[in-house]
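One structure below.
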Amino acid sequence: MSNVSRRQFLSTSAAVAGASYFATHGWAAEKPLSANDKINIASIGVGGRGEGITSSAAKSHNLVAMCDVDEKRAGKNWEKQTQAEKFADFRKMYDKLEKQIDAVAISTPDHMHFHPAYGALMRGKHIYLEKPLAHNVWEVRTLTKLAAEKKLATQLGNQRHAMESLRNGVELVKSGVLGDITEVHSWIGGKRGMPADLGAPKDPPAGLDWDLWLGCRPSRPYTDKLAPYDWRFWWEFGTGETGNWGCHILDIPYWALDLQYPTNVSGSGPAPDPLKTPTSMSTTLDFAANSKRPAVKLHWYHGTPPILSEKKLDDNGMNNLFIGSKGMLLCGFGKHKLLPEEKFKGTAVPNTFTKSPGFDQEWYDAIRGGTPATCNFNYTGPLAEAVLLANIAYRVQGTFGWDGPTMKALGNPGVEKYLREEYRKGWEV
């Protein structure tokens, strides 16, 4: 695009905003495509993480539109995907290309997951959405229910779910070789969090629509300490390392043990900062027994879990420890180890799972009437909620009961304010 046309495209107006914009669109899902039909896909957030799904869509199907508030970050795809119409504001894209779009892929910062996803689902569009699905529990539940009601194909960006090496650990747990599993320890290492202060305001760089980047959040001056990445470590915009990695790592126990909603959540760690995410935390989520397993305690850590030193174990790049009545499993995305090694020497992975055709392909197949993608929202909605509840438990530095079906916190009034956030005027739902 020429500089003139770029400026025109980035010049947006709040006129398309308003509560009615998100409240008055409610079309049903389109008729499923046939197995051979190409899908018309729009991609929102096409730089960074969004580059992968955008390129995949363009290679396999019809990439009809791209939307990004940051022209520079989107530049590689802007220039490469000349066939797609370009937008800065997803609302304008939806209004103009309502009839052309079948599905939407969304790879925006956490605070702006909900609005483009909600707008797409209300229009009957299938969606692919990056983790942690949304910024708060109410948003996750709303998107999960809406997608189910409209029978739309969804996929959360847990790409590692399709890896055979991850699935091996899940299959071993499901095989029963560990006996009754009542405890799992899961973790992400490192000390990311507590970013530097925002500093003095600056002028936004050329090509960035800062007001659209803020989206549903209150207006504030631009600072390069938020965009394009460090927003992740500010509660107003991100969900910290727990939100960043929790859906990937807890996918293993969630899948292996058929978990859904916890009944009790507790958290601790360094004194919470009201604005910044922590460099370490510890939480426990309790799950009631079901027909497939006894009750389970799932411990989540940002940092090294004490259980490793207690049992003299080296995590060796792994991130989950299952403790069963007959042994333990140390596993992660790429490998696994049954313990004690002497007892389980020669134990083979059952290898009963159907091989994934590819993570993106699962979503494409589901859109065209195939089986649901493995990380559809019916599965990943409760997983994403658990990740966000873990953050809340840390922030309240305490314990609360959780009634999953009604989405009610019990016994700790401090939880309520974190379950749903207010949107600035023009973005209400």
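The values are calculated or read from the model by the stated rules, or taken from the named source; none is laboratory data. Computed from a prediction, not measured in an experiment: that's the story for all the values here. Glycine also receives a Cβ, built like all others from the backbone with ideal geometry; neighbour counts cover every protein chain displayed. Areas reflect the complete protein model, heavy atoms only, side chains present, ligands, DNA and RNA absent. Shrake-Rupley method; radii C 1.70, N 1.55, O 1.52, S 1.80 Å.
Details
- Of the candidates 189, 193, 169, the single residue that is open to solvent by less than 50 Å² (accessible area, probe 1.4 Å) and touching a His at 6+ places or on another chain (Cβ under 6 Å) is 169.
- Single residue of 150, 131, 125 found to be out of contact with any Gly (no Cβ under 8 Å at 6 or more places or on another chain) and not aromatic (Phe, Trp, Tyr): 125
- Within the stretch 351-375, the set of residues being open to solvent by 30 Å² or more (accessible area, probe 1.4 Å) and among the aromatic types (Phe, Trp, Tyr) comprises just one member, 353.
- Among the residues of the stretch 215-250, the ones that are part of a helix (DSSP H, G or I), touching a strand residue (DSSP E or B) at 6+ places or on another chain (Cβ under 9 Å) and not β-branched (Val, Ile, Thr) come to 8 in all.
- Filtered by the rule that a residue be more than 27 Å from the chain's Cα centre (by Cα), on the phi < 0 side of the Ramachandran plot and not in a strand (DSSP E or B), the stretch 192-207 gives 200, 201, 203, 204, 205, 206.
- Among residues of the stretch 367-379 that are more than 19 Å from residue 39 (Cα to Cα) and modelled with pLDDT of 95 or more, those with a Cβ under 8 angstrom from a residue that is hydroxyl-bearing (Ser, Thr, Tyr) and not in a loop (DSSP other than H, G, I, E, B), sequence gap 6+ or separate chain, pair up as 377/144; 377/154; 378/144; 379/254.
- Scan the stretch 398-425 for residues that are in contact with a strand residue (DSSP E or B) (Cβ under 6 Å, 6 or more places away or on another chain), assigned to a loop (DSSP other than H, G, I, E, B) and closer than 20 Å to residue 242 by Cα and the total you get is 0.
- Restricting 162, 153 to those that are over 30 Å from residue 233 (Cα atoms), aliphatic (A, V, I, L, M) and crowded, with 18+ Cβ neighbours inside 10 Å reduces the list to 153.
- Among the residues of the stretch 53-63, the one identified as surrounded by fewer than 21 Cβ atoms within 10 Å (Cβ to Cβ) and assigned to a strand (DSSP E or B) is 62.
- Number of positions in the stretch 334-350 that are surrounded by 14 or more Cβ atoms within 10 Å (Cβ to Cβ) and among the β-branched types (Val, Ile, Thr): 1
- Only one of 347, 354 that is within 13 Å of residue 177 (Cβ to Cβ) and hydroxyl-bearing (Ser, Thr, Tyr): 347
- Here the condition is being modelled with pLDDT under 95, over 28 Å from residue 428 (Cβ atoms) and in a helix (DSSP H, G or I); of 76, 31, it holds for 76 alone.
- When 378, 391 are screened for being in a helix (DSSP H, G or I) and surrounded by fewer than 15 Cβ atoms within 10 Å (Cβ to Cβ), only 378 passes.
- Residue 331 falls short on exactly one of the conditions (1) farther than 21 Å from residue 239 by Cα; (2) open to solvent by less than 10 Å² (accessible area, probe 1.4 Å); (3) touching a Phe, Trp or Tyr at 6+ places or on another chain (Cβ under 6 Å), and that condition is (3).
- Among residues of the stretch 402-421 that are more than 16 Å from residue 391 (Cα to Cα) and at pLDDT 95 or above, none has a Cβ under 8 angstrom from a residue that is part of a strand (DSSP E or B) and among the basic types (Lys, Arg) at a sequence gap of 6+ or on a separate chain.
Each row is one residue, and each column tells you yes or no for (1) free of Cβ contacts under 8 Å to residues at least 60 places away in the same chain; (2) buried (at least 23 other Cβ atoms within 10 Å of the Cβ).
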residue: 44; (1), (2): no, yes
residue: 47; (1), (2): no, no
residue: 51; (1), (2): yes, no
residue: 80; (1), (2): yes, no
residue: 91; (1), (2): no, no
residue: 95; (1), (2): no, no
residue: 99; (1), (2): yes, no
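- Taken together, the residues in the stretch 279-291 that are touching a strand residue (DSSP E or B) at 6+ places or on another chain (Cβ under 7 Å) and assigned to a loop (DSSP other than H, G, I, E, B) amount to 1.
- Residue satisfying condition, being in contact (Cβ under 8 Å) with a residue 24 or more places away in the chain, out of contact with any Leu (no Cβ under 6 Å at 6 or more places or on another chain) and surrounded by fewer than 18 Cβ atoms within 10 Å (Cβ to Cβ), within set 263, 277, 283: 263
- Scanning the stretch 296-325 for residues that are out of contact with any helix residue (DSSP H, G or I) (no Cβ under 8 Å at 6 or more places or on another chain) and open to solvent by 50 Å² or more (accessible area, probe 1.4 Å) gives 297, 304, 306, 309, 310, 311, 312, 316, 317, 325.
Listed here are the residues, each with its yes/no results for (1) open to solvent by less than 60 Å² (accessible area, probe 1.4 Å); (2) within 22 Å of residue 273 (Cα to Cα); (3) within 21 Å of the chain's Cα centre (by Cα); (4) at pLDDT below 95.
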{"position": "133", "(1), (2), (3), (4)": "yes, no, yes, no"}
{"position": "147", "(1), (2), (3), (4)": "yes, no, yes, no"}
{"position": "209", "(1), (2), (3), (4)": "yes, no, no, no"}
{"position": "213", "(1), (2), (3), (4)": "yes, no, yes, no"}
{"position": "222", "(1), (2), (3), (4)": "yes, yes, no, no"}
